[in-house]
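What follows is a short report on a single structure.
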Amino acid sequence: MKPALIIGSTCVDVIINIDHLPKTAENLRPTSQTMALGGCAFNVSYIMRLLGGHHTFISPVGGGTYGDYVAKQLKSKGIPVAIRVPEQENGCCYCLVEANGERTFLSYHGVEYTFQKDWMLPYHAENYSIAYVCGLEIEESTGINLIEYLEEHPQLEVCFAPGPRGVRIKDGKLERMMDLNPILHINEQEAYELSGKSNYREAAKALWQITKNTVIITLGEKGTYCLEKNKTSYLVPGTPAENVVDTIGAGDSHIGTILACLTKDIPLRKAIGYANQVASAVVSVKGSSLPEDLVPIQI
């Protein structure tokens, strides 16, 4: 299989650990605060690099304090900066992590969530087999540019992770994304919201009727349910995490593992099993980036 195109954001995650989410006017004292690279596309690309998955990472990096931090961190990791837009500010994401590991995101968007078609001129679509995109980029005003790019290159299969704001993608953009017949990668709650169903198997069927392509639904510790393009369906058991620190980046690392496997022609069912193992490892560490020595698989 040809390499993948990973298109989307690299931002700064400001991770704030708190006992619980504050109520209005409540004064809380965080237990810690750290900064790390984040962003859905970065998380996907990062795990693909660790696993040797062939891909090109297209992520605009802006200016300002956060843009400079992103550029410096990418350089230190040996990751090329494909697009630099220093005249526009980079945003950040405040990640509120409760004592139980659950997270809430407050995203301040900058240039990292935007897309311009001319950025892709050095990268010829015929050299790639699949393109990963996230709903946050589609929701932006420049999301229409990304949709048009994908429409103009129908030879690219699309892997779409609409995310928790997927149902809020307006102006017909969500419908146009679904018309691209994408592989869907979603969690259980997202599946219910997008389909209007209350059972993940029924949700997968309803979404398959729209996309006529594979639907992958992550179910936390229960595992992952998959309804393939050919209508084969199965539940791949989860890998229990010994200690859940936080769930930041778990879904991104899951699809990143699947894409890495697909670029190496590993069957989807086996790829999902690997992805479950990686996601379990990710929730056992702080933040979204799994240290290389803790990667539980080799492919």
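Treat each spin label as a single point 7 Å out from the Cα along the C-beta direction, and report the I210 to D179 distance in nm.
1.5
Under 1.5 on a/c is rounded, so check that first for the stretch 188-286, then, if it is not, pick prolate when a/b is larger than b/c and oblate when it is not; a ≥ b ≥ c are the square roots of the alpha carbon gyration tensor eigenvalues.
Oblate, since a/c reaches 1.5 and b/c is not below a/b.
Taking the chain as a Gaussian network, Cα atoms linked when under 10 Å apart, which of L51, L121, L207 shows the biggest mean-square fluctuation?
Comparing L51, L121, L207 in a Gaussian network model of the chain, the most mobile one is L121.
Tell me, what is the percent relative contact order of the chain, built from C-alpha pairs under 8 Å that lie six or more residues apart?
It rounds to 18 percent for the chain.
Where the centre of each part is set by its Cα atoms, how far does the stretch 245-283 sit from the stretch 100-177, in angstrom?
Cα centres, the stretch 245-283 to the stretch 100-177: 20 Å.
Most exposed first by the Cβ proxy, i.e. fewest other Cβ within 10 Å, how do H20, H185, H109, H54 rank?
Least to most surrounded, the residues fall as H20, H54, H109, H185.
G163's amide H: which non-local residues (gap 5+, or another chain) put their own amide H closer than 5 Å, with H modeled 1.01 Å from N in plane and none for Pro or chain starts?
G135
Using a 4.7 Å cut-off between beta carbons, which cysteines in the chain end up with no partner cysteine at all?
When partners are defined as cysteine Cβ atoms under 4.7 Å apart, the chain leaves C11, C92, C93, C95, C159, C226, C261 without one.
Antiparallel versus total DSSP beta bridges in the stretch 4-290: what percent is that, nearest 5?
Taking every DSSP beta bridge within the stretch 4-290, about 45 percent pair in antiparallel fashion.
Between Y123 and N243, how many nm apart are label points set 7 Å from Cα along the C-beta direction?
Calculated label separation equals 3.8 nm.
Which value in nm describes the separation of the simple spin-label points at N199 and K270, placed 7 Å from the Cα toward the beta carbon?
Spacing of the two 7 Å Cα→Cβ label points: 3.3 nm.
With runs of 4+ DSSP H residues as the only contributors, calculate the mean residue ellipticity of the chain at 222 nm using -39,500 (n - 2.57) per run, divided by the residue total and rounded to the nearest 500.
-9500 deg cm²/dmol
State whether the stretch 4-290 is rounded, prolate or oblate according to the following rule on the C-alpha gyration tensor (a ≥ b ≥ c being the square roots of its eigenvalues): a/c under 1.5 gives rounded; otherwise a/b larger than b/c gives prolate, and the remaining case gives oblate.
It is rounded, given that a/c, with a ≥ b ≥ c, falls under 1.5.
Using the number of other C-beta atoms within 10 angstrom as an exposure proxy, rank H124, H55, H153 with the fewest first.
If I rank by nearby Cβ atoms, fewest first, I get H124, H153, H55.
When the chain is treated as a GNM, springs tying every alpha-carbon pair under 10 Å, which of P22, P164, P267 comes out with the largest mean-square fluctuation?
Greatest mean-square fluctuation among the candidates belongs to P22.
If only Cα atoms are counted, what is the Rg of the stretch 15-168, and what is its Dmax, in Å?
Computed over the Cα atoms of the stretch 15-168, radius of gyration and Dmax are 17.1, 54 Å.
Just to check I understand the Karplus step: with θ = phi - 60° and J = 6.51 cos²θ - 1.76 cosθ + 1.60, what whole-Hz values come out for the stretch 41-50, glycine and proline as x?
5, 4, 4, 5, 4, 4, 5, 5, 4, 4
Below 30 Å, Cα to Cα, which lysines can K72 reach? Residues fewer than 8 away in the same chain don't count.
Partners found: K2, K117, K286.
Throughout, read-outs are computed from the coordinates displayed, never taken from laboratory work. This one's a predicted model, so the numbers in the text were calculated from it and none came from an experiment. Cβ coordinates were reconstructed from backbone atoms using ideal geometry, including for glycine residues, and neighbour counts include every protein chain displayed.
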